[in-house]
Every structure is written in structure tokens, then in C-alpha cells.
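Trainee: Take a look at this one; I'll ask things after.
The values are calculated or read from the model by the stated rules, or taken from the named source; none is laboratory data. As the structure is a prediction and not an experimental result, all values here were calculated from the model. Here the Cβ is made from the backbone with ideal geometry for all residues, glycine too, and neighbour counts use every protein chain on show. Just the protein is used for accessible areas: all its heavy atoms, side chains included, with ligands, DNA and RNA removed. Shrake-Rupley method; radii C 1.70, N 1.55, O 1.52, S 1.80 Å.
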Amino acid sequence: VAITAGGWRWTLGLSCVPSTIMFIFMIFMPKSVRWLYFQGEIEEAKRILKELRGTDDVELEMEEIAEDYRKTKDDKLLGGKGCSLLLNMLRNTAVRRALLLGVMLQLFQQFSGINTVIYYSATILVMSGASSNKAIWLSAAVCTANVAFTFIGVVSVERLGRKILLMCSMVVMMIGLILLGISFIVIDKTSQGILTEGVGECMTVSESCYSCVASEMCGVCSNLAGDLMCVSANATDLISSTCEGGKVSDVCKTEYSWLAVVGLVVYIMGFAPGMGPLPWTINSEIFPNWSRDTAMSITTTTNWICNSIISQTFLQLTKAVTTSGAFFIYCGITLIGLIYFFICLPETRGVSLEHTEELFSSSLTFVGLKTGLRKKEIVNNEDE
């Protein structure tokens with residue numbers, strides 16, 4: 001579609017299809033039980049809760065929601081509004097720790113490099129030696145893998161738990177990033193050599209075909225003798241008189257471009273079930289009602305700021321430290337995130353919203369290390 005006349009209009013227009021499907025399904029989505037209760041529609045809240053749980057025995061959960069409603073009203077009166085609310089959130093140990101965790105979840109999600117893969121997948125594949133048309137189709141396959149592996153997360157999140165799934169997700173992502181970094185080192189070493197000197201402003205980047213096309217201003221072509229040249233893409237007169245067919249290419253022939261494809265797919269296999277959805281899932285579970293809307297706003301803002309930073313700096317980063325170096329940096333950031341979440345992320349599976357705050361009330365900073373013990377205490381209290 002993108003390579004046909006006016007194809008970009010179809011590309012943009014097709015995005016209306018999933019939006020329309022989502023709009024239709026949202027019509028049938030039930031309202032939040034807690035929101036209904038907080039609005040005074042108690043019977044409607046009970047009816048929907050029975051449908052969601054598949055049982056009429058929901059009295060205990062309704063009592064917990066009622067208690068949470070009373071507590072939330074009191075907390076909101078004490079918490080205040082605006083700057084006063086934010087200050088009270090920071091003074092509250094449990095909320096402060098939860099907020100730091102929520103911000104870090106969104107920060108590491110983006111700084112692990114996901115949107116360089118989503119936004120620049122075609123560019124990355126062209127860098128690895130794939131033709132432009134081939135790169136477009138391969139990037140579509142990468143995005144399809146993203147959708148497909150998301151369903152693994154849907155099935156696994158309640159079986160494995162949030163923390164284990166997130167840890168496994170980040171380990172697989174690191175393997176994918178290492179493969180991407182290694183692939184570009186191999187491609188650089190095995191790409192066609194420049195058999196003649198670079199011409200003009202491209203002389204300094206003519207050590208190999210890969211280093212030549214990595215520069216925005218340069219491309220490669222075969223001269224009339226069949227030798228490979230690195231020339232400026234703007235030198236139209238030189239290209240027409242010297243290059244075979246009068247064309248310059250930004251693709252280097254290599255037998256190892258498949259390595260980059262494997263790296264991208266492995267990375268997406270790791271990201272889609274865990275690091276993709278879980279920051280949003282966990283953030284919806286760790287804040288008390290009186291601070292949830294403000295805390296969620298802060299963490300969401302963090303996500304989009306980091307998204308902007310990572311997408312705006314990728315190409316500059318590849319120039320500064322090479323493409324392989326950029327992926328190794330993302331891998332290092334992911335490793336730091338893995339260590340942080342191992343220490344500080346508690347398991348929230350099976351813990352109700354009303355009791356999640358207790359997970360962060362420990363006197364220890366490293367709440368994640370005592371998740372199992374703390375969770376047992378909470379579940380036992382609920383059973384009593």
C-alpha cells in the first residue's frame with residue numbers, strides 16, 4: 001500500500017479499523033463495580049459483580065468495597081486536592097514507594113528500546129541489508145508477532161504472577177537485544193568492502209559498505225568496471241556518469257541480515273507478554289483509591305515523556321555509538337531494570353485492591369524480597 005500512488009492515505013485510513021472495532025466492543029463493556037458503588041448505584045454494582053464472578057455469593061466482596069468506599073472518602077478529605085494531595089502522597093510511605101515503582105515500570109518499559117523497534121523496525125532491517133520493500137513486509141511481521149505474543153501474557157499473567165512474568169519477559173528481551181547488537185557487528189564485518197576510495201564528502205566513511213550506507217549523505221554503487229564505490233547521494237552528475245544504472249543503493253549485500261530479523265522477533269517475543277502490558281496492569285493495582293487517579297496520571301506522563309526521548313534519540317545514538325552499541329546500551333538499561341524489579345516489585349496476584357497498600361507498608365525498602373511472606377500474611381488476614 002505504502003509504495004502505490006497515494007498509498008500513505010490508505011496506510012493512515014486503515015488505522016480506523018481497529019479503532020472502530022474497539023469502539024463497538026466498548027459499548028458492551030460493563031462499568032466498573034467500584035465506580036458504580038461510589039456513585040450510589042449499589043444494586044447495579046452487585047449485579048455486575050455477580051456476572052463477573054459467576055456466582056451469587058459476592059456479599060463479602062461487596063462489604064470490602066463498602067469499607068474501601070468509607071476509607072476513600074475519609075482519605076480524600078485528609079489528602080486534599082492539587083499540590084496538597086501530591087505532598088500527602090509523598091509523605092505517605094506506602095504510596096511514595098508505589099509511585100516510585102510505577103514510574104520506574106513506565107521508564108524501563110520505554111528505555112528498554114521498545115519504540116525504536118516499533119517505530120524504526122523497517123529502518124533497522126534496511127540497515128541490516130534488507131531491501132526497502134522487503135523491510136516493510138518484515139516489519140509488518142514483527143508487529144504481527146507483537147500482537148500474537150500478547151495473548152501469551154493474557155493466559156500466563158494469573159498462572160505465573162506479575163513478577164515472574166515480568167522477570168522472564170525482561171530476560172528474553174535482553175537476549176533479543178544482544179542478538180541485535182551481535183548481528184550488526186557481524187554484518188559490518190561481512191558486508192562488501194569498498195574496492196575503490198570514497199568520493200568527496202564520503203571518503204571518511206568508505207571503510208566498508210555498511211559504514212558507508214550508515215551515513216545519511218552516502219550510498220554505494222558499482223562503477224563501470226564493477227568495483228564498489230561510496231558516493232554522495234546528492235552527487236547526481238557523478239552518479240549518472242560513473243555508477244552502473246545511474247543509481248545509488250543504501251543496502252549492503254550480506255548473508256547475515258536474517259540475524260537482525262531473529263533478534264527483533266526474539267525481542268518482541270519477550271516484550272509482548274510481559275513488559276508491554278504489565279506496567280499498566282501493575283500500576284492499576286498498587287495505588288489506594290484516594291491517590292490512584294493522580295498517581296496514574298504521573299506514571300502515564302512518565303511513559304510518554306520517555307517514549308518521546310527514546311524515539312527522538314535513536315538515530316543520533318546509532319551515529320554516536322554505532323547501531324550495535326545502541327542495542328547494547330538498551331540491553332544494559334534492561335538489566336538495571338531487571339535487578340530493580342527483582343528487589344522492589346511485590347507480587348500483587350491474588351491480593352485485593354483494598355489490601356495491596358499493605359505490600360508497601362513494610363519497614364524494609366526492598367519490599368519485593370519479602371513479597372511471599374507479606375502476601376501470605378495479607379491472604380491469611382482476608383481468610384479470617
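Trainee: Every residue in the stretch 301-317 that is within 14 Å of the chain's Cα centre (by Cα) and open to solvent by less than 40 Å² (accessible area, probe 1.4 Å), please.
Mentor: Of everything in the stretch 301-317, those that are within 14 Å of the chain's Cα centre (by Cα) and open to solvent by less than 40 Å² (accessible area, probe 1.4 Å) turn out to be 302, 303, 306, 307, 310, 311.
Trainee: What about residue 326, is it open to solvent by less than 20 Å² (accessible area, probe 1.4 Å), over 29 Å from residue 144 (Cβ atoms), in a helix (DSSP H, G or I) and in contact with a Leu (Cβ under 6 Å, 6 or more places away or on another chain)?
Mentor: no
Trainee: Might you check whether a residue that is open to solvent by 10 Å² or more (accessible area, probe 1.4 Å), in contact with a helix residue (DSSP H, G or I) (Cβ under 9 Å, 6 or more places away or on another chain) and part of a loop (DSSP other than H, G, I, E, B) occurs anywhere in the stretch 270-279?
Mentor: Yes, because at least one residue in the stretch 270-279 is open to solvent by 10 Å² or more (accessible area, probe 1.4 Å), in contact with a helix residue (DSSP H, G or I) (Cβ under 9 Å, 6 or more places away or on another chain) and part of a loop (DSSP other than H, G, I, E, B).
Trainee: Against the definition (in contact (Cβ under 8 Å) with a residue 24 or more places away in the chain, open to solvent by less than 50 Å² (accessible area, probe 1.4 Å) and out of contact with any Pro (no Cβ under 6 Å at 6 or more places or on another chain)), how does residue 286 come out, yes or no? Steps first, please.
Mentor: Working: in contact (Cβ under 8 Å) with a residue 24 or more places away in the chain: yes; open to solvent by less than 50 Å² (accessible area, probe 1.4 Å): yes; out of contact with any Pro (no Cβ under 6 Å at 6 or more places or on another chain): yes.
Considered against the rule, which asks whether it is in contact (Cβ under 8 Å) with a residue 24 or more places away in the chain, open to solvent by less than 50 Å² (accessible area, probe 1.4 Å) and out of contact with any Pro (no Cβ under 6 Å at 6 or more places or on another chain), residue 286 comes out as yes.
Trainee: Would you mind stating whether residue 63 is modelled with pLDDT of 85 or more, under 30 Å from residue 91 (Cβ atoms) and more than 27 Å from the chain's Cα centre (by Cα)?
Mentor: Working: modelled with pLDDT of 85 or more: yes; under 30 Å from residue 91 (Cβ atoms): yes; more than 27 Å from the chain's Cα centre (by Cα): yes.
Criteria met by residue 63.
Trainee: Now for a different question. Condition (residue is on the phi > 0 side of the Ramachandran plot and open to solvent by less than 30 Å² (accessible area, probe 1.4 Å)) applied to the stretch 92-112: is it met by at least one residue?
Mentor: No, the conditions are met nowhere in the stretch 92-112.
Trainee: Moving on. Any idea which of (1) part of a helix (DSSP H, G or I); (2) modelled with pLDDT of 85 or more is the one residue 8 doesn't satisfy?
Mentor: So residue 8 meets the others, but not (2).
Trainee: Only helices (runs of 4 or more DSSP H) wholly contained in the stretch 127-215 count here; list those with 1 or more residues that are open to solvent by less than 50 Å² (accessible area, probe 1.4 Å), farther than 28 Å from residue 239 by Cβ and modelled with pLDDT of 85 or more.
Mentor: 132-160, 162-190
Trainee: Given the conditions (1) in contact with a Gly (Cβ under 8 Å, 6 or more places away or on another chain); (2) modelled with pLDDT under 90, report the number of the one that residue 315 does not fulfil.
Mentor: With respect to (1) in contact with a Gly (Cβ under 8 Å, 6 or more places away or on another chain); (2) modelled with pLDDT under 90, residue 315 is out only on (1).
Trainee: Taking residue 51 and the conditions (1) farther than 30 Å from residue 303 by Cα; (2) in a loop (DSSP other than H, G, I, E, B), which numbered condition does it fall short on, given that it satisfies the others?
Mentor: Result: residue 51 passes all but (2).
Trainee: Also: Six or more apart or on different chains, Cβ atoms under 6 Å: show the pairs whose first residue is in the stretch 148-164 and within 13 Å of residue 279 (Cα to Cα) and whose second is at pLDDT 85 or above and part of a loop (DSSP other than H, G, I, E, B).
Mentor: Taking only residues 6 or more apart or on different chains, the pairs are 153/277; 163/345.
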